[in-house]
Amino acid sequence: MKRPHTLGELKASGWPLERLSRSVRDEARANLMAKLRSGEALFPGVYGYQETVVPALVRAVLARQHFVLLGLRGQAKTRILRSLVRLLDPLLPALDTPLRDNPLAPVSPEGRRLIAEAGDEAPIVWLAPEDRYVEKLATPDVTVADLIGELDPIKAARRGEGLADLEAVHYGLIPRANRGVFAVNELPDLPARVQVALFNVLEEGDVQVRGFPLRLPLDVWLVFSANPEDYTARGRIVTPLKDRIDAEIRTHYPRSLDAGMRITRAEARLPEGVRIPDFVARAVERVAFLARRDPRVDPASGVSQRLPIALLEQVAAGAEARSLAYGGEPALARPRDVYGGLPAITGKLELEYEGELVGAETLARELIARAFAEEWDERPGLAAVAAWFEGGRSLELPEAAQAAWARVQEVAPLAELAARHAQTAAEGVAWAEFALEALVGRGALERHEGAYREARAAGGEGGREVLPP
C-alpha cells in the first residue's frame, strides 16, 4: 500500500488511527504481548539473561515503567536498551516538526501552527523504530539545555518575532525523542542540576524550557544504565531522581562457562579458516571467570565480557599469522596464542593494591596458566609428563608446527599423551602445549624464557590455590 503523505490521505487510507492515541509505553506493551504469545525471541543477541534479566524486563515493559539497568562494565546494558526498538511499531506517522508531533494531537507550537494553517494538507513523515530511539552518554559537561532546550537567538532573529516567540526554542534531546525511547548511559555521571531537570519528565511527563511559559506534555519512555557503585546515596546519583525511576533491574556477568562462551563466540570477529580447539576457547573464557574471582582484581570495576572477546580475537589472529609465516600450515590456535593475547587482558584489569604489586602482565600470565589447569581438570597423563622434567630437563617448542612436533617426540610421555587426541602435527603440538600449560597452572612446571622446566618450588600444587571450575 502506498504510504499517505498528508494528514488527509492518512485519514482516508484506512490506517488504524486508534494507534495514534497510544503512548509509546502502551505501544511497547502491546507489541511485547504479541511476541510473548508467538514465542518470538525478545532480545536476540543477548545471552545468559533468560532466567534473570529478561523476566524483569518483561515485567517492567508490561507495567509501562521507566527503568534503569544496574551493572558493571561489559554486561550488555547498552545492547539491551538499543534492542527496545524491537518493541516499537514498524512505521509511525508524524508531522514534520522537531518534536515529531502526533498528527491528531500535536504538542509543539510548530505542530499546532502547521495543523491550523494546512489542515488536512499538512505533510506526514513516517518514522522507523530506529528513528524513535535517542541515546546520550552521560558526561560531566552535559547541560540542561542539551537535554531540555533553550532559546535560540539566531532562530528568533530570523523569524523576526522577538525573544518571546515560542518557536524560537531550540529543543534538546528529550523533546526530540517525543513518541520514542530516550536512553541515558551511565546516569550518575550527569551533573546534579541536570539530574534534577529530569524530575518533571519522569513524574509529570512534561518539560519546562527555561525562560519560556512553555510546558510540553511529552510522550517519552525513559530508560537508563548505571554502575551500582555510583547509583547510591554515597555515589553521584541524586536520590529523589532514583525514587522517580520505576524499576531497577540488575544485570550480571555470565554465570556459566557455556553462557560466556556463547556470548564470546557471537561477538568475536574471527577470520575465516582459523580453527580454535575447544580447550583453547574454554581456557580463554576461564581467564575472565578467574579474574572476576581473583582478590587482586578490583570487584567494583568488574571484568568486562569484552576481555574474552578481545582475547579470542587475538588468539585467532596469532594462529592466522603463524599459518601465513610458515608456508600455509593449518591455521590452528594453540595455548601459546593465548599468551600472545596478553594486551587484550592487561588493559581490561583494574587492580587492587596487591595486584599492582604483582603487575598486570604477571597476573595475566598466572590467570592463563590457571585457566588451562582448570580446563585439564581430571584428564589423566600429567604425572608422567611432569616426571620427565625431573633432574633439570627443559623443553622449548618452536613456533612452526612441524618443528615443534619433532621436539614433542623427544618427550615420550608427552608425545604419547598428545597422540591420543591428535590427527595432525599441529593438533599434536596444541595438545602438548595444553598439557604443559596445565602443569604450569598446577605449579609443577614453570615457563622460563620460552622453555618449560621443573618449577623450583614444585610439590603438589606449589602452594597455589586452584579454584574450582
- Item | Net dipole in debye of the chain [+1 Lys, Arg Cβ; -1 Asp, Glu Cβ; about Cα centre; nearest 20] | 880
- Straight-line reach from residue 35: which lysines have a Cα under 19 Å away, not including same-chain ones fewer than 8 places off? none
- Query: Can you give the helix-only mean residue ellipticity at 222 nm for the chain, where every DSSP H stretch with n ≥ 4 adds -39500 (n - 2.57) and the sum goes over all residues, rounded to the nearest 500 deg cm²/dmol?
  - Reply: -12000 deg cm²/dmol
- Task: Rounded to the nearest 0.05, what FRET efficiency do residue 137 and residue 116 give with R0 = 35 Å and r taken as the Cβ-Cβ distance? Could you check?
- Result: 0.35
- Query: Which of rounded, prolate, oblate describes segment 257-454, given a ≥ b ≥ c as roots of the alpha-carbon gyration tensor eigenvalues and a/c under 1.5 marking rounded, otherwise prolate only if a/b is larger than b/c?
  - Reply: oblate
- residue 232 long-range amide H proximity, modeled H, under 5 Å: 237
- Rounded to whole Hz and in sequence order, give me ³J(HN,Hα) for segment 168-182 from the Karplus expression 6.51 cos²θ - 1.76 cosθ + 1.60, θ = phi - 60°, writing x for Gly and Pro. 8, 7, 9, 6, x, 5, 5, x, 6, 8, 3, 6, x, 10, 10
- Query: If you stretched the chain out fully between residue 325 and residue 65, how much longer would it get, using 0.36 nm times the residue separation minus the C-alpha to C-alpha distance?
  - Reply: 87.9 nm
- Note on the structure: Rg (one decimal) and Dmax (whole number) from the Cα set of the chain, in Å, equal 29.4, 96
- Highest to lowest packing among 12-22, 78-88, scored as the average C-beta count within 10 Å: 78-88, 12-22
- Between residue 409 and residue 258, what length comes free when the chain is fully extended (0.36 nm per residue of separation minus the Cα-Cα distance, one decimal in nm)? 51.0 nm
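As an exercise, identify the GluC sites (Glu not before Pro) in segment 287-384 lying in DSSP coil whose Cβ has no more than 13 other Cβ atoms within 10 Å. Write down the numbers at each step before the final one.
Values: sites: 313, 320, 350, 352, 354, 356, 361, 366, 374, 375, 378; in loops: 350, 352, 378.
Listed in order of number, the matching sites are 378.
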- Query: Which of the peptides 63-71, 227-235 is most tightly packed, and how do the rest follow, going by the mean number of other Cβ atoms within 10 Å of each residue?
  - Reply: 63-71, 227-235
- Query: Where nothing but the Cβ of Lys and Arg (+1) and of Asp and Glu (-1) is charged, how large is the charge dipole of segment 324-443 around its Cα centre, in debye to the nearest 20?
  - Reply: 360
- Query: Taking 0.36 nm per residue of separation and subtracting the Cα-Cα distance, what length does fully extending residue 208 through residue 128 add?
  - Reply: 26.0 nm
- Item | Virtual paramagnetic centre 7 Å along Cα→Cβ of residue 354, amide N under 14 Å, in segment 279-321 | 291-299
- Note on the structure: Note, segment 90-102: 3J(HN,Hα) by Karplus (6.51, -1.76, 1.60, θ = phi - 60°), whole Hz, Gly/Pro = x, goes x, 9, 9, x, 8, 6, 7, 10, x, 9, 6, 4, 5
- Note on the structure: Nearest 10, in degrees from 0 to 90: the angle of helix 360-376 to the longest Cα principal axis of the chain is 70
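If you average the sequence gap of Cα pairs under 8 Å that are 6 or more apart and divide by the length of segment 7-250, what percent do you get for the contact order? Write down the numbers at each step before the final one.
Values: 387 pairs, mean separation 61.4, N = 244.
Contact order relative to length: 25 percent.
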- How high is the relative contact order of segment 257-454, given as a whole-number percent (alpha carbon pairs under 8 Å, six or more residues apart)? 21
- Note on the structure: Phi angles of segment 225-242, converted by Karplus (6.51 cos²θ - 1.76 cosθ + 1.60, θ = phi - 60°) into ³J(HN,Hα) in whole Hz with x for Gly and Pro, give 10, 7, 7, x, 5, 8, 8, 9, 4, 7, x, 10, 7, 7, 4, x, 5, 4
- Query: Efficiency by 1/(1 + (r/R0)^6): what FRET value for residue 378 and residue 402, r their Cβ-Cβ distance, R0 = 35 Å, to the nearest 0.05?
  - Reply: 0.65
- Which residues qualify? For residue 149, with a placed amide H closer than 5 Å and at least 5 residues away or on another chain, they are 172
- Message: Projecting each Cα onto the charge dipole of the chain (Lys/Arg +1, Asp/Glu -1 at the beta carbon, about the Cα centre), which of 357, 303, 32 comes out farthest on the positive side?
- Response: 32
- Hey, got the dipole for segment 7-250? About the Cα centre, +1 on K and R Cβ, -1 on D and E Cβ, debye to the nearest 20? 680
- Hey, what angle do you get for helix 53-62 against the long axis of the chain, alpha-carbon based, 0 to 90 degrees rounded to 10? 10
- Query: Is segment 7-250 rounded, prolate or oblate when judged by the Cα gyration tensor, a ≥ b ≥ c being the square roots of its eigenvalues, rounded requiring a/c under 1.5 and prolate requiring a/b larger than b/c?
  - Reply: oblate
- Provide 33, 261 in ascending order of the number of other Cβ atoms located within 10 Å of each residue's Cβ, fewest first. 33, 261
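Rounded, prolate or oblate: pick one for segment 10-143, where a ≥ b ≥ c are the square roots of the eigenvalues of its C-alpha gyration tensor, a/c under 1.5 means rounded, and failing that, prolate if a/b is larger than b/c, else oblate.
Details: a/c = 2.86, a/b = 1.62, b/c = 1.77.
Because a/c hits 1.5 or more and a/b fails to exceed b/c, segment 10-143 counts as oblate.
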- Based on the mean of other Cβ atoms within 10 Å per residue, sort peptides 279-286, 439-446, 140-147, 109-116 so the most packed one is first. 279-286, 439-446, 109-116, 140-147
- So, in nm, how far is label residue 200 from label residue 85 when the simple model puts each one 7 Å beyond its Cα toward the Cβ? 2.9
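Since every read-out is calculated from the coordinates, none of them should be taken as a lab result. All values derive from a computational prediction rather than experimental measurement. Cβ: placed from backbone, ideal geometry, glycine included. Neighbour counts: every protein chain shown.
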